[in-house]
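Participant: This is the structure I have questions about; it appears just below.
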Amino acid sequence: MASVKYDHCTRIYPGNTEPSVSDLNLSIKDGEFMVLVGPSGCGKSTTLRMLAGLEEVNKGRVFIGDKDVTTVQPKDRDIAMVFQNYALYPHMTVAENMGFALKIAGEDKATIRKKVERAAEILDLTPFLDRKPRALSGGQRQRVAMGRAIVRQPKVFLMDEPLSNLDAKLRVQTRTQIATLQRQLGVTTLYVTHDQTEALTMGDRIAVINLGVLQQVGAPTHLYEHPDNVFVAGFIGSPSMNLGTYPVENGKAKIGTDSVTLPADAVAKLKDADKGRIIFGFRPEHATLASASDPDAFSLYVRNTEDLGSDGYIYGDIVDNDAVKDSGTATAATMSDQNKMTTIRVNPSELPNVGDTVKIHIEQEHMHLFSPATGLRLND
Amino acid sequence: MVSVSPDPRIAQATSIKAEVDAESNDQKKRPDDKQLHITAATTDPHLFTLPWDKPLSQWPGHLLVNLPRGISRHIVRFVQVGHEIDAMKEIPRAAAEHEYEILRQLQKLDIPCVAPIGVVTGRTDQYGSPLEAILITRHLQYSLPYRALFARNVQLETAQKLIDALAILLVRLHLIGFYWGDVSLSNVLFRRDADAFGAFLVDAETGSIYPKLTDGQRNYDVDLARTNIIGELMDLSSGNLLPSNVDEVEIGNRLVERYNMLWKTLTGVERFKPNEMWRIEKRVSELNKLGFDVSEMNVNTVDGGHQIAIRPMVVDAGYSRRKLLRLTGLDVQENQARRLLNDLEQFRASTWRDADDEEVVATDWMREVYEPTIRMIPPEYQSTVEPAQFFHDVLTHRWFMAEHVSHDVPMPVATADYVKNELPKTKLDTKALEDINAEADAGVMDDESADSGNSSTSDSKDAHQADGEGNES
């Protein structure tokens, strides 16, 4: 096992002017499960492949433990690219399927058996070790494939969208298994996904990347509760954070026809470049229904509601100039899940009727405020 | 609105394949998620009448064709669609769309691979529950998975030929910037090409095309190929299907050696003195022998003009293939073409027609030699025996017959003898085929399919008798 360190790593593809990964500094602790997450084209797979040795590093260095592996060939890095379409061999027993790579590497029979037995124990495959794949269920076969990866006991596991080729049922099941396995084995793991839910549920820490630049690294809850910039705010969380840009007048954000008082310290940080505007964000679960006369709330025209039993969701458009924006214009002002409408989570018993206009209040501690000019967070 | 502006790098993103999943994870459904959608490169109406509302493992036997399948993690079935046989693979939508697109690109680049036919998405069963997407590719006629070849007591030499074919395929893929990520014998199909084999890519799930591969990507592919080949051969050995004189590790190492040798010959920079310009011609000749043509040669002076450095730009092989196509209209593989052209030359010499136009002689050769031979392929073999390969095998058989009787043997006599005594040996018996397909299903990781997969082809059509023309003589 080992730590991993990216030290000012940059990767520019031939023919491109912009780097796909730019000046990346990232440390993964020994035994840590680090998830790289971001949208398509953000550079997360490139980042993983730099560690795997599949991409050249144009600037900077990559370390596994204390060893500089920047120019070391993939097979000499003691890493394992996991679960990329491992096939099971029908004539081999489960034990042989799991251990054959060790046999190729010249390990003796007793050592192979010991390692295979340990992996089988973790994967709950001990009773099946002498069976052939044909006698197993699909899920058990999937675990044998995992076993093939883990018996090698590499320093680092690399997983690039490992669940993307699995069918929907196996995907959820395997997600849990990978997370559990990683914790049992304690092998340093770098896991790449586009799916923020996968990232939030699996990682010890998450690194969010966009356009080749590392946006924020932290524990899932920290990223959720305290996004450093507007990209992370919008990317992490499902349903996603409601975000809109509004004028600031006398310390208040003018949201539609209403005004909402902002924390003074955040307003004080606004610069000329922000042109008197602020990005105002809040999570659906942090909104509360307020009375019609509440002076510190904004109006929402209810377009749709959902009663999920435990939760109720209101989807609506912010009321502006006493007229409800049509959905087209509404998308320009807000960002959330359902057709870009503002999303509010409430107790199902509080759900209003479609067509109502409701008042929404956000506590200052639950506001996420960002500079329109820089996208950076303004409040603590 | 706060939004992220599009970036050109997105076009190169490897995770685009997963974008659809991102949406479904967010419980945002595409409008057509529950509507059957077929993207197809064919207009065959039969495609639109298939039971898309059933899991592939439950498709009725009368639609299926019993051909040998390779090991796969996913359910794969051969289906008769009109006059064609298509391979259907049940995989998640994003993976199906990604693979379809990659196969289309490889096809445009003239890489030997299966032809992509379509992607079927938005499938639901009769109760409205979603089913996985299906990738459709055309079955590569006359081809066999390696396991079907090994079911016939192959010799060490055959195993080596398969590895050589795979090495050539891998080099060709790397030359065009394709990183495979999952190189194995299971992910190719083999078609006989005279005395050698041609390898065709059948699984591009993990592959991507880059402007240029790094050494790391190439080396990873080669290392993975070695591991997988050794594993696959060890498995055959466990099933007593590998000759005892075959050393699995040695065969795996052969792939690495062959690949490195080919890569160096094809792409290496060679330096020599200005008075050794004949070495350019030698290099071109070496490349031609390996089956590659040179489209361009970069020649530079180095070391103050005291040395010349050359680097060839190679293109697809096919000199003989193109020549035969021009002369006869026959589109066959390179080694087959070479053999046929040799026979054409012999015909020309033996009929004293050296002065005649090549095209005229070729027309006569077709009418008098090639076509009468091909017409002798028995009907029951016509869907499995490739004509050019049959002709090659008859030529070889005729040579052995002539050597045995110490005089020339007429082509019709040799053909009749070959059909009677050799052709039946190429058939894969029903038991072997059943075993191969049961083995192929043993690796499927989908829960439902794992239980039902083995029996699903029991009543399928056997018209094709599950055979290529793999004569190991």
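The values are calculated or read from the model by the stated rules, or taken from the named source; none is laboratory data. In this text the structure is predicted, and so the values were computed from the model without any measurement. Glycine gets a Cβ as well: all are built from the backbone with ideal geometry, and neighbour counts include every protein chain shown.
Participant: Have a look at A:I209, A:I178 and point out the one that is within 14 Å of chain B (Cβ to nearest Cβ), of a type in the set (A, V, I, L, M, F, W, C) and in contact with a Ser or Thr (Cβ under 9 Å, 6 or more places away or on another chain). Write out each step before concluding.
Facilitator: Numbers: A:I178 fails: within 14 Å of chain B (Cβ to nearest Cβ).
Going through A:I209, A:I178 in turn, just one is within 14 Å of chain B (Cβ to nearest Cβ), of a type in the set (A, V, I, L, M, F, W, C) and in contact with a Ser or Thr (Cβ under 9 Å, 6 or more places away or on another chain): A:I209.
Participant: Of (1) out of contact with any helix residue (DSSP H, G or I) (no Cβ under 9 Å at 6 or more places or on another chain); (2) more than 14 Å from every other protein chain (Cβ to nearest Cβ), B:M297 satisfies all except one. Which?
Facilitator: (1)
Participant: In the range B:215-231, which residues are closer than 30 Å to B:A432 by Cβ and either within 7 Å of chain A (Cβ to nearest Cβ) or basic (K, R) (or both)? Break it down stepwise before answering.
Facilitator: Looking only at the range B:215-231, we keep the residues that are closer than 30 Å to B:A432 by Cβ, and these are B:224-231.
B:R226, B:T227, B:I230, B:G231 - these are the residues of the range B:215-231 that are closer than 30 Å to B:A432 by Cβ and either within 7 Å of chain A (Cβ to nearest Cβ) or basic (K, R) (or both).
Participant: Return the pairs, sorted by first residue and then second, in which the second residue is assigned to a strand (DSSP E or B) and of a type in the set (K, R), the first residue lies in the range A:272-283 and is away from every other protein chain (no Cβ under 13 Å), the beta carbons are less than 9 Å apart, and the residues are 6+ apart or on different chains.
Facilitator: Sorted first by the residue in the range A:272-283, then by its partner, the pairs are A:R283/A:R345.
Participant: In the range A:25-37, which residues are outside any loop (DSSP other than H, G, I, E, B) and surrounded by fewer than 18 Cβ atoms within 10 Å (Cβ to Cβ)?
Facilitator: The initial filter retains those residues of the range A:25-37 that are outside any loop (DSSP other than H, G, I, E, B), namely A:25-28, A:33-37.
Scanning the range A:25-37 gives A:N25, A:S27.
Participant: I've got another one for you. Output the residues belonging to the range A:351-370 that are of a type outside the set (D, E) and farther than 25 Å from A:G276 by Cα.
Facilitator: Of all residues in the range A:351-370, those of a type outside the set (D, E) come to A:351-355, A:357-362, A:364, A:366-370.
Answer for the range A:351-370, where residues must be of a type outside the set (D, E) and farther than 25 Å from A:G276 by Cα: A:L351, A:P352, A:N353, A:V354, A:G355, A:T357, A:V358.
Participant: Please work out if A:A87 is touching a helix residue (DSSP H, G or I) at 6+ places or on another chain (Cβ under 9 Å), crowded, with 21+ Cβ neighbours inside 10 Å and part of a loop (DSSP other than H, G, I, E, B). Please lay out each step first, then the result.
Facilitator: Values: touching a helix residue (DSSP H, G or I) at 6+ places or on another chain (Cβ under 9 Å): yes; crowded, with 21+ Cβ neighbours inside 10 Å: yes; part of a loop (DSSP other than H, G, I, E, B): yes.
Yes; evaluated as a whole, the condition is true for this residue.
Participant: Out of (1) at pLDDT below 95; (2) touching a Gly at 6+ places or on another chain (Cβ under 7 Å), the odd one out for A:A292 is which?
Facilitator: (2)
Participant: Still on this model: Grab the strands (runs of 3 or more DSSP E) fully contained in the range A:184-295, keeping just those with 2 or more residues being under 21 Å from the mean Cα position of the chain (by Cα).
Facilitator: Values: elements: A:188-193, A:205-210, A:213-218, A:242-249, A:252-255, A:258-261, A:277-282, A:287-290.
By residue number, A:188-193, A:205-210, A:213-218, A:242-249, A:277-282.
Participant: Output the residues belonging to the range B:333-379 that are at pLDDT 90 or above, under 30 Å from B:D164 (Cα atoms) and not in a helix (DSSP H, G or I).
Facilitator: The one that is at pLDDT 90 or above, under 30 Å from B:D164 (Cα atoms) and not in a helix (DSSP H, G or I): B:I377.
Participant: Checking A:P14 against (1) part of a strand (DSSP E or B); (2) at the interface with chain B (Cβ under 10 Å from one of its Cβ atoms): exactly one of these is not met. Which one?
Facilitator: Unmet for A:P14, out of (1) part of a strand (DSSP E or B); (2) at the interface with chain B (Cβ under 10 Å from one of its Cβ atoms): (1).
Participant: Which one is nearest to the chain's Cα centre (by Cα) among residues in the range B:186-200 that are within 14 Å of chain A (Cβ to nearest Cβ) and touching a residue at least 60 places away in the same chain (Cβ under 8 Å)?
Facilitator: Within the range B:186-200, the first condition is being within 14 Å of chain A (Cβ to nearest Cβ), and the residues that meet it are B:186-188.
Those left that are additionally touching a residue at least 60 places away in the same chain (Cβ under 8 Å): B:186-187.
On the way: B:S186: 11, B:N187: 9 Å.
In this case the residue turns out to be B:N187.
Participant: Another question, then. Regarding the range B:159-176, can at least one residue be identified that is under 18 Å from the mean Cα position of the chain (by Cα), in contact (Cβ under 8 Å) with a residue 40 or more places away in the chain, within 14 Å of chain A (Cβ to nearest Cβ) and within 24 Å of B:L109 (Cα to Cα)?
Facilitator: Of the range B:159-176, the ones under 18 Å from the mean Cα position of the chain (by Cα) are B:159-176.
With in contact (Cβ under 8 Å) with a residue 40 or more places away in the chain added as a condition, the list becomes B:159-160, B:163-164, B:166-176.
Keeping just the survivors that are within 14 Å of chain A (Cβ to nearest Cβ) gives B:174.
Checking which are within 24 Å of B:L109 (Cα to Cα) leaves us with B:174.
Yes, there is a match, as at least one residue in the range B:159-176 is under 18 Å from the mean Cα position of the chain (by Cα), in contact (Cβ under 8 Å) with a residue 40 or more places away in the chain, within 14 Å of chain A (Cβ to nearest Cβ) and within 24 Å of B:L109 (Cα to Cα).
Participant: Something else about it: Would you pick out the residues in the range A:356-380 that are charged (D, E, K, R) and under 13 Å from A:L243 (Cα atoms)? Even if it seems obvious, please write down each step before you answer.
Facilitator: The first filter runs over the range A:356-380 and keeps only residues charged (D, E, K, R), leaving A:356, A:359, A:363, A:365, A:377, A:380.
Within the range A:356-380, A:R377 is the sole residue that qualifies.
Participant: Counting only residues that are touching a Lys or Arg at 6+ places or on another chain (Cβ under 6 Å), give me the strands (runs of 3 or more DSSP E) lying completely in the range B:105-206 with at least 3 of them.
Facilitator: On the way: elements: B:116-121, B:133-138, B:188-193, B:196-201.
Passing ranges, in order: B:116-121, B:196-201.
Yes/no matrix, rows are residues, columns are (1) in contact with a strand residue (DSSP E or B) (Cβ under 7 Å, 6 or more places away or on another chain); (2) buried (at least 20 other Cβ atoms within 10 Å of the Cβ); (3) free of Cβ contacts under 8 Å to residues at least 12 places away in the same chain:
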position	(1), (2), (3)
B:T39	yes, no, no
B:L47	yes, yes, no
B:K54	no, no, no
B:Q58	no, no, no
B:L67	yes, yes, no
B:I75	yes, yes, no
B:G82	no, no, no
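Participant: In the range A:79-111, how many residues are more than 10 Å from every other protein chain (Cβ to nearest Cβ) and without any contact (Cβ under 8 Å) to a residue 24 or more places away in the chain? Walk me through it before giving the result.
Facilitator: Initial filter on the range A:79-111 (more than 10 Å from every other protein chain (Cβ to nearest Cβ)): A:79-80, A:82-83, A:94-95, A:98-99, A:102, A:107-111.
Now drop any that are not without any contact (Cβ under 8 Å) to a residue 24 or more places away in the chain, which leaves A:107-111.
Count: 5.
Participant: Conditions first: (1) within 13 Å of chain B (Cβ to nearest Cβ); (2) assigned to a helix (DSSP H, G or I); (3) at pLDDT 90 or above; (4) over 25 Å from B:L241 (Cα atoms). A:E121 passes all but one, so which condition is the exception?
Facilitator: Among (1) within 13 Å of chain B (Cβ to nearest Cβ); (2) assigned to a helix (DSSP H, G or I); (3) at pLDDT 90 or above; (4) over 25 Å from B:L241 (Cα atoms), A:E121 violates only (1).
Participant: OK, next. Which of (1) at pLDDT below 95; (2) away from chain B (no Cβ under 14 Å) is the odd one out, the single condition A:F33 does not satisfy?
Facilitator: (1)
Participant: Of all residues in the range B:237-286 being among the β-branched types (V, I, T) and in contact with a strand residue (DSSP E or B) (Cβ under 8 Å, 6 or more places away or on another chain), which is nearest to B:V302 (Cα to Cα)? Give the steps one after another, and end with the answer.
Facilitator: Of all residues in the range B:237-286, those among the β-branched types (V, I, T) come to B:246, B:249, B:251, B:256, B:265, B:267, B:269, B:280, B:284.
Next, only the ones that are in contact with a strand residue (DSSP E or B) (Cβ under 8 Å, 6 or more places away or on another chain) stay: B:267, B:269, B:280, B:284.
Values: B:T267: 18, B:V269: 12, B:I280: 16, B:V284: 21 Å.
Among those that are among the β-branched types (V, I, T) and in contact with a strand residue (DSSP E or B) (Cβ under 8 Å, 6 or more places away or on another chain), it is B:V269.
Participant: Return yes when A:G41 is within 10 Å of chain B (Cβ to nearest Cβ) and over 17 Å from A:V156 (Cα atoms) and no when it is not. Break it down stepwise before answering.
Facilitator: Numbers: within 10 Å of chain B (Cβ to nearest Cβ): yes; over 17 Å from A:V156 (Cα atoms): yes.
When the stated conditions are applied, A:G41 passes them.
Residues checked against (1) under 18 Å from A:A2 (Cα atoms); (2) of a type in the set (D, E, K, R); (3) away from every other protein chain (no Cβ under 11 Å):
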{"site": "A:K114", "(1), (2), (3)": "no, yes, yes"}
{"site": "A:G139", "(1), (2), (3)": "no, no, no"}
{"site": "A:V144", "(1), (2), (3)": "no, no, no"}
{"site": "A:F157", "(1), (2), (3)": "yes, no, yes"}
{"site": "A:V172", "(1), (2), (3)": "no, no, no"}
{"site": "A:L185", "(1), (2), (3)": "yes, no, yes"}
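Participant: Give me the residue from the range B:84-104 that is surrounded by fewer than 21 Cβ atoms within 10 Å (Cβ to Cβ) and part of a strand (DSSP E or B) and, out of that set, farthest from the chain's Cα centre (by Cα). First the steps, then the outcome.
Facilitator: Step one: filter the range B:84-104 for residues surrounded by fewer than 21 Cβ atoms within 10 Å (Cβ to Cβ), giving B:84-85, B:97, B:101, B:104.
Cutting the leftovers down to part of a strand (DSSP E or B) gives us B:84-85.
On the way: B:E84: 17, B:I85: 16 Å.
This residue is B:E84.
Participant: Please indicate, with yes or no, whether at least one residue in the range A:77-99 is modelled with pLDDT of 90 or more, of a type in the set (A, V, I, L, M, F, W, C) and within 21 Å of B:K212 (Cα to Cα).
Facilitator: Checked against the condition, which is being modelled with pLDDT of 90 or more, of a type in the set (A, V, I, L, M, F, W, C) and within 21 Å of B:K212 (Cα to Cα), the range A:77-99 yields no hits at all.
Participant: Can you list the helices (runs of 4 or more DSSP H) found entirely within the range B:211-330 that contain at least 2 residues being at positive phi, crowded, with 16+ Cβ neighbours inside 10 Å and in contact (Cβ under 8 Å) with a residue 40 or more places away in the chain?
Facilitator: Fully inside the range B:211-330 and qualifying: nothing.
Participant: Let me ask something else. Can you tell me which residues in the range B:120-139 are surrounded by fewer than 22 Cβ atoms within 10 Å (Cβ to Cβ) and among the aliphatic types (A, V, I, L, M)?
Facilitator: If the condition is that a residue be surrounded by fewer than 22 Cβ atoms within 10 Å (Cβ to Cβ) and among the aliphatic types (A, V, I, L, M), then B:L131 is the only one that fits.
Participant: Tell me, yes or no, whether the range B:232-247 has at least one residue that is within 14 Å of another protein chain (Cβ to nearest Cβ) and either closer than 17 Å to B:R172 by Cα or touching a Ser or Thr at 6+ places or on another chain (Cβ under 7 Å) (or both). Outline the logic, then answer.
Facilitator: If we filter the range B:232-247 for residues that are within 14 Å of another protein chain (Cβ to nearest Cβ), which is where we start, we get B:232-242, B:247.
Now drop any that are not either closer than 17 Å to B:R172 by Cα or touching a Ser or Thr at 6+ places or on another chain (Cβ under 7 Å) (or both), which leaves B:232.
Taking every residue of the range B:232-247 in turn, at least one turns out to be within 14 Å of another protein chain (Cβ to nearest Cβ) and either closer than 17 Å to B:R172 by Cα or touching a Ser or Thr at 6+ places or on another chain (Cβ under 7 Å) (or both).
Participant: Need the failing condition index for A:S22 against (1) outside any strand (DSSP E or B); (2) surrounded by fewer than 23 Cβ atoms within 10 Å (Cβ to Cβ), just the number.
Facilitator: (1)
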